1. Could you list all residues from region 243-269 that are assigned to a loop (DSSP other than H, G, I, E, B) and modelled with pLDDT under 85?
2. Hey, among the residues in region 1-23 that are assigned to a helix (DSSP H, G or I) and in contact (Cβ under 8 Å) with a residue 60 or more places away in the chain, which one's farthest from residue 33 (Cα to Cα)?
3. Mind telling me which of the residues 31, 86 ends up being touching a residue at least 60 places away in the same chain (Cβ under 8 Å), more than 30 Å from residue 182 (Cα to Cα) and in contact with a helix residue (DSSP H, G or I) (Cβ under 8 Å, 6 or more places away or on another chain)?
4. For region 25-42, state whether one or more residues are assigned to a loop (DSSP other than H, G, I, E, B) and under 17 Å from residue 167 (Cβ atoms).
5. Would you confirm whether or not region 89-111 contains a residue that is over 19 Å from residue 178 (Cα atoms), without any contact (Cβ under 8 Å) to a residue 60 or more places away in the chain, out of contact with any strand residue (DSSP E or B) (no Cβ under 9 Å at 6 or more places or on another chain) and not in a helix (DSSP H, G or I)?
6. Within region 145-165, is there a residue that is surrounded by fewer than 18 Cβ atoms within 10 Å (Cβ to Cβ), more than 29 Å from residue 28 (Cα to Cα) and without any contact (Cβ under 8 Å) to a residue 24 or more places away in the chain?
7. Considering only region 186-204, state which residues are modelled with pLDDT under 95 and buried (at least 21 other Cβ atoms within 10 Å of the Cβ).
8. Do you know which of the residues in region 75-88 that are touching a strand residue (DSSP E or B) at 6+ places or on another chain (Cβ under 7 Å) and either in a helix (DSSP H, G or I) or at pLDDT below 95 (or both) is surrounded by the fewest Cβ atoms within 10 Å (Cβ to Cβ)?
């Protein structure tokens with residue numbers, strides 16, 4: 001079973017080698033690494049090209065004329081070229097544990113009905129960011145949940161999947177998904193909600209991904225979310241396009257009340273950025 005690993009690369013020359021080497025070092029070796037450069041202006045491309053020459057499984061793609069098109073178009077280009085049955089994501093400033101892919105293959109073999117697998121992450125940060133305590137609480141909650149499970153109703157208040165770099169998803173499932181997020185920096189949250197509507201997820205409670213938190217992280221530098229939260233729009237979109245379910249409507253009403261108070265709390269604690 002081949003796994004296509006997609007890495008969106010943009011001006012992370014100082015981190016990209018560690019990301020690539022972590023893929024090369026995987027205990028599961030039936031993979032291809034698709035790196036899509038999103039208009040980098042540092043020496044990222046030179047580094048990536050040097051790896052492409054050494055390993056034919058590593059492939060580089062760029063937007064026309066080397067343009068910068070943002071995360072959505074960059075991931076879509078990578079998915080377009082993916083030949084594996086499953087797609088794993090690895091951001092260019094993160095890296096994998098050696099058994100990351102193998103552990104997920106074991107889940108696929110045991111639970112063939114699962115369409116998305118994600119894992120616990122280990123934080124890499126020079127200083128503790130103010131959201132890290134909340135990230136840790138999300139992972140603690142995940143450790144108490146039973147999997148496989150449908151997580152559709154679990155994403156309203158928090159994004160339960162902390163980073164693209166911990167996710168592996170069935171290729172034909174994500175290729176047919178809605179990428180039209182209203183906020184580019186919240187594309188992951190938008191996607192997980194849509195994918196969770198009809199699919200079972202599985203969480204591996206092991207630190208198989210190293211997630212780097214720093215001032216130039218995409219979640220900090222990307223476009224700020226609009227006042228009407230992206231995840232609320234995702235649920236509303238599903239409600240409108242998949243049959244107006246009374247249960248979903250009631251869920252959204254109750255959750256909106258809860259979200260109002262959560263947003264107020266995070267605003268007071270200067271955490272409203274990540275809603």
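1. 243, 244, 269
2. Per the stated criteria, the residue is 15.
3. 31 is the lone residue from the list that is touching a residue at least 60 places away in the same chain (Cβ under 8 Å), more than 30 Å from residue 182 (Cα to Cα) and in contact with a helix residue (DSSP H, G or I) (Cβ under 8 Å, 6 or more places away or on another chain).
4. Yes.
5. no
6. no
7. Residue satisfying the conditions is 186 alone.
8. Here the residue is 81.
The values are calculated or read from the model by the stated rules, or taken from the named source; none is laboratory data. Being a predicted model, the structure only gives us computed values, none of them experimental. Backbone-built Cβ (ideal geometry, glycine too); neighbour counts: all protein chains shown.
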